[in-house]
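> The structure under discussion is supplied below as structure tokens; questions concerning it will follow.
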Amino acid sequence: GDELVQIAAVRIVNGKLMLSEIFDTLVNPGRRISSASTAIHGVTEAMVADAPDVLRAVEQFHKFAEGCVLVAHNSPFDMAFLQRRERALGIQFCNPVLDTGILSTMMFGRHESHTLDALISRLGISLPTSKRHTALGDAIATAEAFVKLKAMMMGKGIARFGDIAEAFRKIPDYRRRTHTEMEP
């Protein structure tokens, strides 16, 4: 299977991206990076040669994310990478997680495409092609999408985390969405 080669996040405070509070690190996966993977995210073996190993990078991210709600696009995909390392590190990612793909479904309906590309296009978010599929580029685009989706949700009376969870439960079969419906 795949392994982490980069982790990035940007903090959101009161609906604003805090670009001064970013977590961004390359990760040495401890094994060869396939050329197919490099073609997607642009990370090469040479780039990660001196990067922290997976355990250290996940531990550092855990500290950065402590006490925060995590926002991700196709969160089960991303969280699986982090959760695989919990036992070895003696930590747990028990953060609440919001998924912008599911939020997109809530706001735009199941008939629309809910890939990150489709979502940011629909919301008028600009992401240079060179930044797409990089951890930081996707993290910033996801954060910007969340801020816009949050404003839309508030307009529909969905203002608290519990309100979002209740709205999720009203989406037919949201838990059975497949990986192909939402890209990482």
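> Of the numbered conditions (1) free of Cβ contacts under 8 Å to residues at least 24 places away in the same chain; (2) part of a loop (DSSP other than H, G, I, E, B), ILE91 satisfies every one except a single condition; which is it?
(1)
> Residues of the stretch 115-157 being in contact (Cβ under 8 Å) with a residue 24 or more places away in the chain, open to solvent by less than 30 Å² (accessible area, probe 1.4 Å) and over 14 Å from the mean Cα position of the chain (by Cα), which ones?
LEU123, LEU149, MET153
> Quickly run through the stretch 25-44 and pick out the residues that are on the phi < 0 side of the Ramachandran plot and exposed (fewer than 14 other Cβ atoms within 10 Å of the Cβ).
At the first step, the residues of the stretch 25-44 found to be on the phi < 0 side of the Ramachandran plot are 25-29, 31-41, 43-44.
Matches in the stretch 25-44: ARG31, ARG32, SER34, SER35, ALA36, ALA39, ILE40.
> Restricting the search to the stretch 20-42, which residues are touching a residue at least 40 places away in the same chain (Cβ under 8 Å) and in contact with a strand residue (DSSP E or B) (Cβ under 9 Å, 6 or more places away or on another chain)?
Quick first cut of the stretch 20-42, residues touching a residue at least 40 places away in the same chain (Cβ under 8 Å) only: 22-24, 40-42.
Once the filter is applied, which keeps residues that are touching a residue at least 40 places away in the same chain (Cβ under 8 Å) and in contact with a strand residue (DSSP E or B) (Cβ under 9 Å, 6 or more places away or on another chain), the stretch 20-42 yields ILE22, PHE23, ASP24, HIS41.
Here's the yes/no breakdown for (1) at pLDDT below 95; (2) surrounded by fewer than 16 Cβ atoms within 10 Å (Cβ to Cβ); (3) farther than 19 Å from HIS133 by Cβ:
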position: VAL69; (1), (2), (3): yes, yes, yes
position: SER75; (1), (2), (3): yes, no, no
position: LEU82; (1), (2), (3): no, no, no
position: LEU89; (1), (2), (3): no, yes, yes
position: GLN92; (1), (2), (3): no, yes, yes
position: VAL97; (1), (2), (3): yes, yes, yes
position: LEU103; (1), (2), (3): yes, no, yes
position: PHE108; (1), (2), (3): yes, no, yes
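> Turning to a different aspect of this structure: Hey, among GLY101, GLY90, which residue is touching a His at 6+ places or on another chain (Cβ under 7 Å) and either of a type outside the set (Phe, Trp, Tyr) or closer than 30 Å to LYS156 by Cα (or both)?
Details: GLY90 fails: touching a His at 6+ places or on another chain (Cβ under 7 Å).
Exactly one residue qualifies, and that residue is GLY101.
> Taking the stretch 28-60 only, how many residues are within 19 Å of GLY137 (Cβ to Cβ) and either touching a Phe, Trp or Tyr at 6+ places or on another chain (Cβ under 9 Å) or not aliphatic (A, V, I, L, M) (or both)? Walk me through how you get there before you give the answer.
In the first step, residues of the stretch 28-60 are kept if they are within 19 Å of GLY137 (Cβ to Cβ); the result is 33, 37-44, 47-48, 51, 57.
If we keep only those that are either touching a Phe, Trp or Tyr at 6+ places or on another chain (Cβ under 9 Å) or not aliphatic (A, V, I, L, M) (or both) as well, we get 37-38, 41-42, 44.
Number satisfying all stated conditions: 5.
> Considering only the stretch 125-140, I want to know if a residue exists there that is in contact with a helix residue (DSSP H, G or I) (Cβ under 9 Å, 6 or more places away or on another chain), more than 23 Å from MET18 (Cα to Cα) and among the hydroxyl-bearing types (Ser, Thr, Tyr). Talk me through it step by step, then tell me what you get.
First, pick out the residues of the stretch 125-140 that are in contact with a helix residue (DSSP H, G or I) (Cβ under 9 Å, 6 or more places away or on another chain): 125-128, 130-135, 137-138, 140.
From the residues that got through so far, the ones that are more than 23 Å from MET18 (Cα to Cα) too are none.
No: the stretch 125-140 contains no residue that is in contact with a helix residue (DSSP H, G or I) (Cβ under 9 Å, 6 or more places away or on another chain), more than 23 Å from MET18 (Cα to Cα) and among the hydroxyl-bearing types (Ser, Thr, Tyr).
> Additional query: Evaluate the stretch 72-85: report whether one residue or more is assigned to a strand (DSSP E or B) and in contact (Cβ under 8 Å) with a residue 60 or more places away in the chain.
Of all residues in the stretch 72-85, those assigned to a strand (DSSP E or B) come to 72.
Adding the requirement that they be in contact (Cβ under 8 Å) with a residue 60 or more places away in the chain leaves 72.
Looking for residues that are assigned to a strand (DSSP E or B) and in contact (Cβ under 8 Å) with a residue 60 or more places away in the chain, one finds at least one in the stretch 72-85, hence yes.
The values are calculated or read from the model by the stated rules, or taken from the named source; none is laboratory data. Just so you know, these numbers come straight off a predicted model, no measurement behind them. FYI the Cβ positions are ideal-geometry reconstructions off the backbone, even for glycines, and counts take in every protein chain you see. These area figures cover heavy atoms from the full protein model, side chains too; ligands, DNA and RNA do not enter into them. Shrake-Rupley method; radii C 1.70, N 1.55, O 1.52, S 1.80 Å.
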